[in-house]
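Before any comments, here is the structure.
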Amino acid sequence: MKRPVRLLGALAASTLLLAGCGSGGDDAAPAGDGTGTGAAAGGTVEIGITQIVSHASLDAAREGFKRALEENGVDASYDEQNAQGDQSTATSIANTFASDDKDLVLAIATPAAQAAAQAITDVPVLFTAVTEPAEAGLVDSWEAPGGNLTGTSDLNPVKEQLELLAEIAPDAKTVGVVYSSGEVNSQVQVDLAKEAAAELGLTIEEATVSTSAEVQQAAQSLEVDAFYIPTDNAVVSSLESVIAVAEQRQVPMVVGESDSVERGGLATYGIDYDKLGYQTGLMAVKILNEGADPAEMPVETLEELTLVVNTGAAERMGVEIPQAVLDRADKVVE
């Protein structure tokens, strides 16, 4: 299904409001014109991939990116590194890539992209699975990034997801949100959730974590009628901990993306991260083959959303999914 018009309007509004918050500015190094790369010369390009942590959505974005280059004739050699959720490791990876003279770097998720932005100034850097790149200091604005970074955002339809939760569990009054205090993208989603909750007559109860090891305890600390889990890397990497609490409490848990439904979340309106990564790969093709300048390439989003529900999770959580939701679902996980 198509991304709701009101979400696109919110994206445009955030572009205007957040312009100038990025780190590009007058001191940003020029992004270059893409000439002299292996792709332009018909040879092999050297691409560094830095990923903050492993989980299904981020892994899918990485593979989608690589497939886009392969299908568009780019001969690429990949140096793939994973920070395993540690920001200092992400910084070390970025510093190594900066000295390795890569043709292009892909940064997966906000913390990895922020580390790359600090260390890499003279080669193109594409990011993916970043919720709010302007607020994260990665770009000057969505429409005009202004430096050597651009990419794709996974800003999810938080309001629509909470509306889905209210439709599935109309008696719910309190919604627990577990998120990482160190992830800018998570705070953006929590703020959006609070705005949506106020309109829906819901109250958001928060619990923050520093690492994935704290997720289960944080979830257990919340006495709520339902859970909403945004696209937070630390929490999603330990999603089963929250699922266990939701099942034990017999309360619904709506999640921020479809892979989390596959893993046992109840439902979502979500994006396909493989497609998001593929779209990022097409941006890389333009840079490597056509000399496109990241500074002038607007941040992109996916316009198609998918409604995914998990009937097995519903049974385990003691929730009955309304037939109207099942009838319009794009995918039902059993």
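Over region 148-225, give the accessible area per residue in Å² for a 1.4 Å probe, as an integer.
Details: 3040 Å² over 78 residues.
I get 39 Å² per residue for this part.
When a/c is below 1.5 the answer is rounded, else prolate if a/b is larger than b/c, else oblate, so apply that to region 65-155 with a ≥ b ≥ c taken from the square roots of the Cα gyration tensor eigenvalues. Please report the intermediate quantities before stating the final value.
On the way: a/c = 1.43, a/b = 1.11, b/c = 1.29.
Rounded.
Which percentage, to the nearest 5, of the DSSP beta bridges contained in the chain is antiparallel? List each step's numbers first, then the result.
On the way: 5 of 42 bridges.
About 10 percent, rounded to the nearest 5.
List the residues, sorted by chain then number, that are 5 or more residues from Gly264 or on another chain and whose placed amide H is less than 5 Å from its amide H.
When sequence neighbours closer than 5 places are left aside, there are no close amide H contacts.
Enter the accessible area per residue of region 229-294 (Å², integer; probe 1.4 Å; all protein chains in place).
Details: 1730 Å² over 66 residues.
Roughly 26 Å² per residue, with all protein chains present.
Please give the charge dipole size of the chain, origin at the Cα centre, charges +1 on K and R Cβ atoms and -1 on D and E Cβ atoms. Round to the nearest 20 debye.
Numbers: 17 positive and 53 negative charges, 89 e Å.
Dipole size: approximately 420 debye.
For region 276-334, give the percent of accessible area contributed by carbon and sulfur heavy atoms, probe 1.4 Å, rounded to a whole number.
On the way: 1160 of 2690 Å².
After summing per-atom areas, the C and S share lands at 43 percent.
Of all the accessible heavy-atom surface of region 123-259, with the other protein chains kept in place and a 1.4 Å probe, what percent is carbon and sulfur?
Numbers: 1830 of 4250 Å².
Of the solvent-accessible surface of region 123-259, carbon and sulfur hold 43 percent.
Can you send over the solvent-accessible area of Thr110, 1.4 Å probe, protein chains only, in Å² to the nearest 10?
Only protein atoms counted, so the area is about 0 Å².
Which of the trypsin sites (Lys or Arg not before Pro) across region 149-205 are loop residues per DSSP, with 16 or fewer other Cβ within 10 Å? Let's see the in-between values first.
Numbers: sites: Lys159, Lys173, Lys194; in loops: Lys173.
For trypsin sites (Lys or Arg not before Pro) across region 149-205 that sit outside H, G, I, E and B with at most 16 neighbouring Cβ atoms in 10 Å, the list reads Lys173.
Could you work out how far the C-alpha centroid of region 274-334 sits from that of region 79-150, in angstrom?
Each part's Cα centre sits 22 Å from the other's.
Treating only the Cβ of Lys, Arg, Asp and Glu as charged (+1, +1, -1, -1), what charge dipole size does region 174-237 show about its Cα centre? Round to the nearest 20 debye. Don't skip to the end; give the middle numbers.
Values: 1 positive and 10 negative charges, 23 e Å.
Charge dipole, region 174-237, about its Cα centre: 120 debye, nearest 20.
Where in region 218-291 are there GluC sites (Glu not before Pro) that are in a DSSP coil and have at most 10 other Cβ atoms within 10 angstrom of their Cβ? Can you show the working numbers first?
Details: sites: Glu223, Glu240, Glu247, Glu257, Glu262, Glu290; in loops: Glu223, Glu257.
Answer in residue order: Glu223.
The values are calculated or read from the model by the stated rules, or taken from the named source; none is laboratory data. A quick note: this is a predicted structure, and the numbers were derived from the prediction, not measured. Note that we place each Cβ from the backbone using ideal geometry, even for glycine, and neighbour counts take in every protein chain shown. Heads up: the accessible areas ignore ligands, DNA and RNA and are worked out on the full protein's heavy atoms, side chains in. Shrake-Rupley method; radii C 1.70, N 1.55, O 1.52, S 1.80 Å.
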